[in-house]
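Working notes, structure below.
The values are calculated or read from the model by the stated rules, or taken from the named source; none is laboratory data. Quantities reported herein were computed from a predicted structural model and do not represent experimental measurements. We place every Cβ from the backbone using ideal geometry, glycine too, and count neighbours over all the protein chains shown.
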Amino acid sequence: MDMDRTRTKGELGTIWVLTDRRYVEQRMPRALVDWLSVRGVPVRTLIADEQVAQIPPAKDAPENDPWLGLKTGDVVIARTRNPFALALLRAARRADVSICNPWEAIAAVRNKPRAAQVLADHGVPTPPTFLADSPAALRELSVSCFPLLLKPHLGDNSSGILFVRHPAELDDLPWVDAMVLAQQFIDVRGIDLKLYVANDRVWAVRKPSPLTARPRHWSSSAHNISENGGGSSVQTIEVNPQLQDLASACRAAFQLELCGIDVLETSSGPLVVDVNDFPNYTGVAEAPQAIGTMLVERLGTTASGVPTPLEVLT
């Protein structure tokens, strides 16, 4: 083992937080970093946008390695939507380093057509969902399938989603993506249900949907939907057995330890419309503690008789 990969006797491992410049000051990962720092847990933030990675890493220029200092017993967690960050996360993979949400799981859930197929393979209920080469190809669908929400194949929050009321609106849409995922629009009166998962912990909140922030504009044609809509009102609700099972099924389908699940509450039961890795946990006050404790439990030390990771929190 290389000398820079080992820790001194009694040294507690470090929790590495890989994130993007746009996320570094958001509730997540900031609340998690603050919770760990206050308790004296070694934590290091790596901003993907500011890194350069050589493949393979140059042995004679280790200062260029973004993971310089990553050692046995460390833990890595990623809160990112940056494509380059997935390459960095893959480069952090070591037999002796714990990674919360591996890059393969994040890549699978971020690719929305692939994610839709994974959900179908695991029997997770979703709205009627269609894949096509382009929006124009969706004209072959029955009128009863409309309205539709058209989503880019690499989803990022609600950015780039289009609402289409009728097949005639599919022509000449401003669509540049290589393919399109379309889901039948289900009217839930502008209220989304969000499930937040941290390992075996599940929370549920209701909040205004970003897709209905400006519903009056929808009657004119297809519209681009902003990721910033929806308001800030959040209501925490009880997680019933049905929602617990739904969260467990999504977590198992993608092998994600941390995830957010967008759910529509319908008369025939809940429908999953999206799954994402490491969400913001909006409205869940105990999320930083729950996630932080989970990460600290994985830290390693190199000497017997030193405080265990959990003792650091007391």
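Numbers below:
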{"item": "Sole exception among (1) in contact with a Phe, Trp or Tyr (Cβ under 9 Å, 6 or more places away or on another chain); (2) touching a residue at least 24 places away in the same chain (Cβ under 8 Å) for Asn157, by number", "result": "(1)"}
{"item": "The range 118-162: number of residues that are under 17 Å from Leu271 (Cβ atoms) and among the aliphatic types (A, V, I, L, M)", "result": "7"}
{"item": "Subset of the range 156-182 that is small (Gly, Ala, Ser) and under 26 Å from the mean Cα position of the chain (by Cα) - its residue that is modelled with the lowest pLDDT", "result": "Ser158"}
{"item": "Candidates Thr80, Thr72, filtered to the one that is among the hydroxyl-bearing types (Ser, Thr, Tyr) and either touching a strand residue (DSSP E or B) at 6+ places or on another chain (Cβ under 6 Å) or at positive phi (or both)", "result": "Thr80"}
{"item": "Residue in the range 229-243 that is in contact with a helix residue (DSSP H, G or I) (Cβ under 8 Å, 6 or more places away or on another chain) and either aromatic (Phe, Trp, Tyr) or modelled with pLDDT under 95 (or both) present", "result": "yes"}
{"item": "Given (1) surrounded by 15 or more Cβ atoms within 10 Å (Cβ to Cβ); (2) under 20 Å from Pro279 (Cβ atoms); (3) modelled with pLDDT under 95; (4) over 19 Å from the mean Cα position of the chain (by Cα), index of the condition Pro210 fails", "result": "(4)"}
{"item": "Looking only at the range 251-265, and only at residues there that are more than 12 Å from the chain's Cα centre (by Cα) and among the hydrophobic types (A, V, I, L, M, F, W, C), the one that is surrounded by the most Cβ atoms within 10 Å (Cβ to Cβ)", "result": "Val263"}
{"item": "Selected residue (criterion: modelled with the highest pLDDT) from residues of the range 259-314 that are among the small types (Gly, Ala, Ser) and more than 30 Å from Thr126 (Cα to Cα)", "result": "Gly292"}
{"item": "Selection within the range 148-159 - part of a loop (DSSP other than H, G, I, E, B) and farther than 18 Å from Asp192 by Cβ", "result": "Pro152, His153"}
{"item": "Residue check, Ala136 modelled with pLDDT under 95, more than 30 Å from Thr72 (Cβ to Cβ) and not in a strand (DSSP E or B)", "result": "yes"}
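Matching residues to (1) at pLDDT 95 or above; (2) assigned by TED's automatic domain parsing to the domain that holds Ala53; (3) within 30 Å of Phe185 (Cβ to Cβ):
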position: Leu68; (1), (2), (3): no, yes, no
position: Lys71; (1), (2), (3): no, yes, no
position: Ala78; (1), (2), (3): yes, yes, no
position: Pro83; (1), (2), (3): no, yes, yes
position: Ala115; (1), (2), (3): yes, no, yes
position: Asp121; (1), (2), (3): yes, no, yes
position: Pro147; (1), (2), (3): yes, no, yes
